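So the structure is just underneath, and the comments pick up after that.
Each reported figure results from applying straightforward, stated rules to the coordinates on display, with no laboratory input. The structure displayed is predicted, hence computed values, not measured ones. No Cβ is skipped: glycine too gets one built from the backbone with ideal geometry, and neighbour counts run over all protein chains shown.
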Amino acid sequence: MNPHALAFPEKFLWGASTAAHQVEGNNVGSDFWQAENDGTWSLPDRSGDACDSYHRWAEDLDIVQSLGLNAYRFSIEWARVVPTPGHPSLAVLQHYRRIIEGCGQRGLTPVVTLHHFTSPAWLRDQGGWTSKEAIAHFTEYVRAVLPILDGVPWVCTINEPNMLAWTTARRADRAASAPSFVPPDPEMTAALTRAHTQARELLASVPGVRSGWTVANQNVQDHGAGADRTAEMSYLIDDQYLDVAKGDDFVGVQAYSRLRAGEQGVIAPGPADRRTMNGWEYYPRALEDAVRHTAARLGGSTPLLVTENGIATGDDDERIEYTGEALTGLSRAMSDGIDVRGYLHWSLLDNFEWGSWEPTFGLVAVDRTTFRRTVKPSARWLGRLARGHADPRAGRR
Ligand code: IFM
């Protein structure tokens with residue numbers, strides 16, 4: 001325990017997270033790469049070489065280890081493992097197996113995500129997640145990955161299904177603009193739920209694997225919408241996905257800010273609100289709220305793992321301030337008996353934020369030309385905390 005007896009148990013996981021498309025570079029077979037490059041979406045930046053982590057993963061793991069953290073979350077890229085339907089690449093599988101073993105060699109617990117937003121471009125060409133064969137293709141991919149998951153205790157099937165389905169609905173409904181509320185796409189939600197359930201069935205055959213999915217908790221709060229509408233919005237954006245997790249081995253909690261439900265729909269953060277680099281309201285209580293909400297919804301029987309939490313900021317002191325407040329709230333929730341197994345900060349690296357290099361979420365800066373990594377003070381602070389030498393409350397300004 002750390003000196004101030006915050007409620008972090010001995011075996012708590014302390015780590016940092018990344019995702020393949022955001023850090024690996026040249027993920028050329030993926031749908032996102034295709035959309036970035038064929039002009040489908042007009043995004044300010046392309047992922048390009050990203051952080052070159054496909055080649056520099058060992059250096060990334062060394063950094064995590066040197067900080068004193070004990071866990072690393074990363075994702076396996078479906079588009080690389082199955083570049084052509086029916087023909088998984090053994091060499092790519094061996095690449096990811098080396099990362100898993102590399103974690104073990106450094107005393108890091110691997111937390112592996114099977115799908116973090118990107119799918120193969122060939123699936124997009126077939127109509128994406130809601131196409132007829134999508135679930136069969138996904139299970140084929142999961143089957144191919146099973147042999148390399150030996151020794152991986154935590155497997156996230158699908159990252160933020162609620163955001164995937166929400167983004168799909170918002171793209172389709174271009175006319176809708178804030179402050180309206182566009183609910184997540186129901187067909188996409190149904191497809192992702194089936195994919196998750198079938199993946200979990202397959203993962204059950206690997207001894208020691210605990211599987212679950214991760215939900216981007218939006219912390220819907222009543223700011224004039226009324227209790228019924230707030231509950232409805234919360235159901236649509238969060239709770240229907242949490243309900244799927246009932247009975248799973250764990251659920252991943254991801255939280256950054258909150259969603260204020262007003263009379264007209266979503267109240268966007270305004271000039272009077274303190275905001276982060278990507279425009280979200282600065283709201284470090286998000287983590288505590290999300291953890292309490294998730295535990296209440298799931299009835300306390302499913303362990304929680306914080307698979308993402310962090311802040312986009314160019315001011316590293318602000319990262320410490322935000323994270324310190326978030327962890328203090330997490331500790332409060334855990335003192336009340338909520339079963340949380342670990343905290344994985346988003347993100348290890350300043351990485352490709354889905355169309356832009358600008359919002360920097362990283363504990364570690366990455367030079368865009370040389371790929372040189374520079375560890376920020378917040379990373380050392382989190383490492384000290386992990387080793388029990390710091391109090392998150394000391395992060396406050
Ligand atoms: O970068 C993303 C990540 O891929 C999913 N969760 C939210 C992060 C910050 O936007």
Practice prompt. Based on other C-beta atoms within 10 Å, arrange Ile76, Ile338 from fewest to most.
Written response: Ile338, Ile76
Practice prompt. Please give the length that would be gained between Glu140 and Ala231 if that part of the chain were fully extended, namely 0.36 nm times their separation in residues minus their C-alpha to C-alpha distance (nm, one decimal).
Written response: 29.1 nm
Item to complete: Within 10 Å of each residue's Cβ, count the other Cβ atoms and sort Asp248, Asp336, Asp228 from fewest upward.
Response: Asp228, Asp336, Asp248
Response to the item:
Residue separation between His223 and Ser335 times 0.36 nm, minus their alpha-carbon distance, gives in nm 37.5 nm
Item to complete: Give, rounded to the nearest 20 debye, the magnitude of the charge dipole that region 147-269 has about its Cα centre when Lys and Arg contribute +1 at Cβ and Asp and Glu contribute -1 at Cβ.
Response: 280 debye
Item to complete: Please return the longest stretch of the chain lacking exposed loop sites, where GluC sites (Glu not before Pro) count only if DSSP places them in a loop and at most 12 other Cβ atoms lie within 10 Å.
Response: 264-397
Worksheet item: Going by a ≥ b ≥ c, the root eigenvalues of the Cα gyration tensor, does region 198-241 fall in the rounded group (a/c under 1.5), the prolate group (a/b larger than b/c) or the oblate group?
Response: prolate
Discussion item. Quick check: net charge around Leu287, other residues with Cβ under 12 Å of its Cβ, Lys/Arg +1 and Asp/Glu -1?
Written reply: 0
Worksheet item: Alpha carbon centre of region 45-60 versus region 343-373: separation in Å?
Response: 10 Å
Discussion item. Viscosity 1.306 mPa s, temperature 10 °C: what is the translational diffusion coefficient of region 292-370 from Stokes-Einstein with a Kirkwood Rh over Cα pairs, rounded to a whole number of µm²/s?
Written reply: 113 µm²/s
Worksheet entry | Residue-span extension gain [Thr370 to Gln264] - 0.36 nm each, minus C-alpha spacing | 33.4 nm
Fill in: Cβ-based net charge around Ala71, under 12 Å, with every Lys or Arg adding one and every Asp or Glu removing one
+4
Practice prompt. Return the loop-located chymotrypsin sites (Phe, Trp or Tyr not before Pro) in region 32-92 (DSSP other than H, G, I, E, B) with at most 13 other Cβ atoms within 10 Å of their own Cβ; answer none if there are none.
Written response: Trp41
Worksheet item: Label-point separation (nm) for His87 and Ala394, each offset 7 Å from Cα along Cα-to-Cβ?
Response: 5.7 nm
Response to the item:
Taking alpha-carbon centroids only, region 183-220 lies from region 242-284 a number of Å equal to 20 Å
Item to complete: Would you compute, from DSSP H runs of 4+ residues alone, the mean residue ellipticity of the chain at 222 nm, taking -39500 (n - 2.57) per run and dividing by the full residue count, rounded to the nearest 500?
Response: -11000 deg cm²/dmol
Practice prompt. For every other residue with a beta carbon closer than 15 angstrom to the beta carbon of His116, add +1 if it is Lys or Arg and -1 if Asp or Glu, then tell me the sum.
Written response: -4
Item to complete: Could you run the Debye sum over the Cα atoms of the chain, one equal point scatterer each and no solvent, and tell me log10 of I(q)/I(0) at q = 0.09, 0.13 Å⁻¹, two decimals?
Response: -0.49, -1.12
